[in-house]
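Structure first, then comments.
The values are calculated or read from the model by the stated rules, or taken from the named source; none is laboratory data. Keep in mind that what you see is a predicted model, and the values were worked out from it rather than measured. A quick note on method: Cβ atoms are made from the backbone with ideal geometry, for glycine too, and the neighbour counts reach across all protein chains shown. When the accessible area is computed, the model is the full protein with side chains, heavy atoms only, and any ligands, DNA or RNA have been set aside. Shrake-Rupley method; radii C 1.70, N 1.55, O 1.52, S 1.80 Å.
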Amino acid sequence: MSAPTPDLPELVLAGSVSKRADVLVVGLTSTDGAPEVVLGDGLVDEDALGEVLDAVQAVGATGRAEEVTRVPAPAELPVTSVIAVGLGAADGIDPERIRRAAGAAARALTGVATATTTLSALDLGAAAEGFALGAYTYTEFRSEKSAPKPEGQPVARVELLVPSTRDRAAKAALARATAIAEAVATAREFVNVPPSHLFPAEFAARAKALGEDAGLKVEILDEKALAKQGFGGILGVGKGSSRPPRLVRLTYRSKKRSAAKVALVGKGVTFDTGGISIKPAAGMEAMTSDMAGAAAVVATVVLAARLGVAADVTATVPMAENMPSSTAQRPGDVLTQYGGTTVEVINTDAEGRLILADAIVRACEDGPDYLIDTATLTGAQMVALGTRTPGVMGTDDFRDRVATLSREVGEEGWPMPFPEELRAGLDSRVADLANVSAQRWGGMLTAGIFLKEFVGDGVQWAHIDVAGPAFNTGSPFGYIGKGGTGVPVRTMLAVIEDIAAHG
Ligand code: BES
Ligand code: MN
Ligand code: ZN
């Protein structure tokens with residue numbers, strides 16, 4: 001079974017603007033609405049850049065963030081045109097602003113074979129990630145009838161200008177950025193594959209291929225093994241579908257002895273109709289993204305292995321399709337989660353927490369120091385925080401650490417509380433817990449409180465709800481196009497690396 005291998009542009013270091021380059025991309029800052037070209041450490045002729053500034057100013061460029069202005073190139077440069085991309089205010093430029101500018105430029109570079117850029121002089125890694133991710137597109141199911149014409153194809157090669165192409169730090173930064181971009185693109189690709197083609201067994205097989213390729217230990221439980229071991233949540237959610245559920249475990253062990261143990265868990269609902277508590281038709285197609293948490297944790301454990309991070313990482317990934325049928329679970333059914341907790345299924349559309357509960361209990365059997373779970377868990381996440389801001393819940397210290405690191409990498413996670421009074425809403429008339437609360441408000445928090453019941457004692461835990469941020473149904477922005485975004489892969493990598501460095 002083939003793992004998805006997204007096509008990203010080739011990223012290379014360059015010491016000067018090469019003859020091969022068609023377009024030069026430069027950064028433009030803004031001071032009181034007036035643009036200024038960011039000079040690239042003598043990498044590009046400064047007189048030529050002065051001419052570029054005159055030209056973009058003449059057509060009204062301001063330098064505001066992600067503004068793209070394309071002008072003919074000055075005669076002294078070997079390229080045909082120059083794209084000036086806005087970075088916003090000159091003060092306080094951070095890696096995320098560079099990433100977004102590079103992404104906006106990459107989206108404008110269709111039909112260009114080779115581009116070169118000075119954005120790498122500001123931050124090589126951020127520029128490389130931004131170009132690669134901004135150029136990502138998903139075209140697997142386009143026949144000749146709608147495939148992009150040459151002029152619509154993404155940029156094939158990006159030459160990142162640096163003072164010395166032999167510099168070891170520059171080479172390492174580029175290799176790291178390439179690995180990160182590949183992991184994010186891998187997560188996006190899983191999300192973008194339609195539910196006709198990505199169902200639990202297929203998702204499991206692709207995750208296995210990817211994991212084995214990266215040297216991970218891979219274990220797959222099929223529906224028989226799940227039944228034998230008592231994974232009642234995964235089975236309950238999956239039983240309405242003709243395509244049975246799976247639980248995939250991917251383990252990376254670092255070379256470092258006594259490394260911290262990190263468990264990752266991701267929601268892998270390959271399609272969420274709601275089940276018998278069926279969703280309305282409008283927008284239901286977006287529920288192809290309901291396995292984005294699973295996609296992100298699979299991509300992250302593979303990335304941790306590729307980067308050789310000094311922490312042990314195990315991803316525990318429940319996969320199921322939530323369908324209504326004569327074999328589906330009913331509202332009012334009681335199931336027994338892995339580990340023995342009984343749950344009354346009041347609403348079959350609150351299925352994510354049921355498969356996650358099984359996976360969390362299984363993950364905690366390994367005795368992890370830290371557990372991160374992530375899921376497209378609640379519409380309430382978007383009500384609370386909008387479509388681009390993940391909600392981060394969990395044990396107080398680790399929750400705050402994860403949210404802070406998430407903002408440092410530009411994924412914008414925000415810490416959210418567990419108000420004590422919400423727990424009682426999950427009491428059931430007949431079982432240990434109900435899967436939804438009679439209380440209407442704070443739905444994202446209630447879902448987190450449900451999961452909390454299954455987290456082992458003493459485990460530092462963070463739950464990241466990415467219902468909105470994992471899937472972009474709006475316009476492209478920065479380095480994010482339509483569809484899967486790959487959030488929160490970079491947050492989880494940052495956390496694992498922080499744990500590897502500081503415990
Ligand atoms: N997968 C959905 C959550 C979701 C909604 C993700 C919109 C992305 C976009 C989840 O399984 C769900 O249906 N949640 C319910 C929970 C409710 C029944 C308590 C919801 O949010 O309405
Ligand atoms: Mn649902
Ligand atoms: Zn769901």
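Can you go through 286, 375, 320 and tell me which one is open to solvent by 10 Å² or more (accessible area, probe 1.4 Å), within 14 Å of ligand 1 (Cβ to nearest atom) and modelled with pLDDT of 95 or more? It would help to see each step written out before you state the result.
Details: 375 fails: open to solvent by 10 Å² or more (accessible area, probe 1.4 Å); 320 fails: open to solvent by 10 Å² or more (accessible area, probe 1.4 Å).
Unique residue meeting the criteria: 286.
For segment 427-454, a residue qualifies if it is away from ligand 3 (no atom under 16 Å from the Cβ) and either in contact with a His (Cβ under 9 Å, 6 or more places away or on another chain) or among the basic types (Lys, Arg) (or both), and the qualifying residues are 429, 440, 452. List pairs: first in segment 448-472 and in contact (Cβ under 8 Å) with a residue 60 or more places away in the chain and under 18 Å from residue 185 (Cα atoms), second among the basic types (Lys, Arg) and open to solvent by 10 Å² or more (accessible area, probe 1.4 Å), Cβ under 8 Å, 6+ apart or cross-chain? Between residues of segment 448-472 that are in contact (Cβ under 8 Å) with a residue 60 or more places away in the chain and under 18 Å from residue 185 (Cα atoms) and residues that are among the basic types (Lys, Arg) and open to solvent by 10 Å² or more (accessible area, probe 1.4 Å), the close pairs are 468/388; 469/388; 472/482. When 40, 60 are checked against the criterion of being farther than 19 Å from residue 410 by Cβ and open to solvent by 40 Å² or more (accessible area, probe 1.4 Å), 60 stands alone in meeting it. Take the conditions (1) within 27 Å of the chain's Cα centre (by Cα); (2) touching a residue at least 12 places away in the same chain (Cβ under 8 Å); (3) within 16 Å of ligand 2 (Cβ to nearest atom); residue 284 misses just one of them, which is (2).
All conditions but one from (1) surrounded by fewer than 20 Cβ atoms within 10 Å (Cβ to Cβ); (2) touching a residue at least 12 places away in the same chain (Cβ under 8 Å); (3) within 16 Å of ligand 3 (Cβ to nearest atom); (4) hydrophobic (A, V, I, L, M, F, W, C) apply to residue 265; the one that does not is (1).
Restricted to helices (runs of 4 or more DSSP H) entirely inside segment 286-396, those with at least 3 residues that are more than 12 Å from ligand 3 (Cβ to nearest atom) and out of contact with any strand residue (DSSP E or B) (no Cβ under 9 Å at 6 or more places or on another chain) are 292-307. Quick check on my filter: what residues within segment 225-242 are buried (at least 18 other Cβ atoms within 10 Å of the Cβ) and either within 22 Å of the chain's Cα centre (by Cα) or more than 16 Å from ligand 3 (Cβ to nearest atom) (or both)? Hits for segment 225-242 are 226, 231, 232, 235.
Would you mention how many residues in segment 325-361 are away from ligand 2 (no atom under 12 Å from the Cβ) and either under 10 Å from residue 275 (Cβ atoms) or not hydrophobic (A, V, I, L, M, F, W, C) (or both)? Summing the residues that are away from ligand 2 (no atom under 12 Å from the Cβ) and either under 10 Å from residue 275 (Cβ atoms) or not hydrophobic (A, V, I, L, M, F, W, C) (or both) in segment 325-361 gives 18. The residues on offer are 173, 205, 179, and the sole one that is touching a residue at least 12 places away in the same chain (Cβ under 8 Å), of a type outside the set (S, T, N, Q) and in contact with a strand residue (DSSP E or B) (Cβ under 9 Å, 6 or more places away or on another chain) is 205.
Step by step: first the residues of segment 247-262, then only those that are among the charged types (D, E, K, R) and open to solvent by 40 Å² or more (accessible area, probe 1.4 Å), then the one that is nearest to ligand 3 (Cβ to nearest atom). Which residue is that?
Keep residues of segment 247-262 that are among the charged types (D, E, K, R), which gives 249, 253, 255-257, 261.
Adding the requirement that they be open to solvent by 40 Å² or more (accessible area, probe 1.4 Å) leaves 253, 255-257, 261.
Numbers: 253: 32, 255: 38, 256: 37, 257: 40, 261: 28 Å.
Ranking the qualifying residues of segment 247-262, first place goes to 261.
Of all the listed residues (140, 182, 159, 189), the sole one being part of a strand (DSSP E or B) and not small (Gly, Ala, Ser) is 159.
Residues that are over 23 Å from residue 188 (Cα atoms) and either buried (at least 19 other Cβ atoms within 10 Å of the Cβ) or in contact with a Gly (Cβ under 6 Å, 6 or more places away or on another chain) (or both): does segment 297-315 have at least one?
Yes, segment 297-315 contains a residue that is over 23 Å from residue 188 (Cα atoms) and either buried (at least 19 other Cβ atoms within 10 Å of the Cβ) or in contact with a Gly (Cβ under 6 Å, 6 or more places away or on another chain) (or both).
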